[in-house]
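Peer 1: The following block contains the structure, expressed as structure tokens.
Every number here is computed from the coordinates shown, using simple stated rules; none is lab data. Just so it is clear, the model here is predicted, and its values are computed rather than measured. Cβ placement follows ideal geometry from the backbone for every residue including glycine, while neighbour counts extend to all protein chains displayed.
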Amino acid sequence: MIKQSFNSICLVIAVIFIAAGCGQQRKKDVEILARGPDFEKLVVPGDYADAAIKMTGGLQHWAKIQKVQLDCVVTFYAASGGDGSFYLTEHRFYIYPWSDSIEVAGCEPLGAIAWQLSGGQFRALPGDDPSAALRDVSVMGVSCRDYAESVLKIATAPVQFLQTGAVFVKGPAPIKLEGLWYDPIEFAAADSFQQGPAPAQSRPPPADQGAVVKPYWSRVVYCQNRDTSLVDLLWLADIEQGKFLAVRGYDYKEIEKTGILLPTKIEIFRTDARAVSKERIVKIDLK
């Protein structure tokens, strides 16, 4: 009980750091992130996207969502070959569906964490203690960036289909994973994946004209449950590095009377190159 109260107090402190940030710059960042869709550019790419949106509340509700706050209990499991131990903590997620962004706040024994992933760019926010992030989270089997992106993509999967410039290809045949049938829908390309500029501090340095930016993931496959139409499984593959993750969403429920449904439980697994789960590395439960 004492530890839980301590974690809750620290979480509040970490959240204050994120909210305060660096004054005017932080305010501008939030204004850029917290926005709705650009209806002039909005295109529903296929029946699969329409069904995914409808099953999680419908576009009429998603369009009103600029920011969602999720307070969660998180369990990080020791990597393969470990002693079976786990690390329990609390994190708060700020999710911005239409800007493809997420912020993570928490308070670990070694200090506060405050991260942002926006437009594919990961950074620490003011108030973050790098040693806390490295020693208390990353060693548990998943990088800070991969952890944040996994939550973002599974929570906003229906909206991901509608992002400006994104191209998706639906597989020719269903696949069976963990005893369930899915339609695989693979992210193929993006001219400008987000609907506006990333916050100034998160933009990468200007590249030479004509330079090719390598995608972070070799493959990103959204798996749509054929029984429910929910996109409750995601596969992320970095073939060159031999890194493969599966992200699952469970128990979809309406969040804070917003009209949208999000998973109230998320699990991240390490898989092999065929997307067969090998071990669970993270479990996230909505409080």
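Peer 1: If you add up the charges near residue 246, with Lys and Arg at +1 and Asp and Glu at -1, over every other residue whose beta carbon is less than 15 angstrom from its beta carbon, what do you get?
Peer 2: Once all neighbours under 15 Å are counted, the net charge is +2.
Peer 1: Where does each of 268, 113, 32 land when they are ranked from fewest to most other beta-carbon atoms within 10 angstrom?
Peer 2: The fewest-first ordering by Cβ neighbours comes to 32, 268, 113.
Peer 1: Sticking with this structure for a sec: Could you go through region 165-182 in sequence order and give the Karplus-derived ³J(HN,Hα) for each residue, using 6.51 cos²θ - 1.76 cosθ + 1.60 with θ = phi - 60°, rounded to whole Hz, and x for Gly and Pro?
Peer 2: Along region 165-182, the couplings run x, 7, 10, 10, 10, 7, x, x, 8, x, 10, 10, 10, 6, x, 10, 9, 10 Hz.
Peer 1: Moving on. Give me the extension gain from residue 54 to residue 143: residue separation times 0.36 nm, minus the current Cα-Cα distance, reported in nm with one decimal.
Peer 2: Computed gain between residue 54 and residue 143 is 28.8 nm.
Peer 1: If each residue of separation counts as 0.36 nm, what is the full-extension length gain between residue 274 and residue 73 once their alpha-carbon separation is subtracted?
Peer 2: My answer for the length gained is 69.4 nm.
Peer 1: If you don't mind, there's one more thing I want to ask. Tell me, 218, 229, 99 in order of fewest to most beta-carbon neighbours within 10 Å?
Peer 2: 218, 229, 99
Peer 1: Continuing with the same structure: Quick check on my link table: of 41/176; 243/265; 64/278; 54/283; 67/170; 214/287, which ones sit more than 32 Å apart, alpha carbon to alpha carbon?
Peer 2: 41/176; 64/278; 214/287, as the Cα separations exceed 32 Å there.
Peer 1: Follow-up question, since we're still on this one. How do 252, 77 line up, fewest other C-beta atoms within 10 Å first?
Peer 2: 252, 77
Peer 1: Okay, moving on. Tabulate in residue order the Karplus-calculated ³J(HN,Hα) for region 51-66, using 6.51 cos²θ - 1.76 cosθ + 1.60 with θ = phi - 60°, rounded to whole Hz; enter x for Gly and Pro.
Peer 2: 5, 5, 5, 5, 6, 10, x, x, 4, 4, 8, 4, 5, 8, 8, 9
Peer 1: Also: Which aspartates and glutamates does residue 253 reach when only Cα atoms under 18 Å apart count, and residues fewer than 8 places away in its own chain are ignored?
Peer 2: Counting by Cα, and skipping residues close in sequence, residue 253 has these aspartates and glutamates nearby: 71, 227, 232, 267, 285.
Peer 1: Would you mind putting 57-69, 158-170 in packing order, based on average other-beta-carbon counts within 10 Å, highest first?
Peer 2: 158-170, 57-69
Peer 1: Also, I was wondering about something else. Per 0.36 nm of contour for each residue apart, how much would the distance between residue 226 and residue 41 grow if the chain were fully extended, relative to their Cα-Cα spacing?
Peer 2: Roughly 63.8 nm would be gained on extension.
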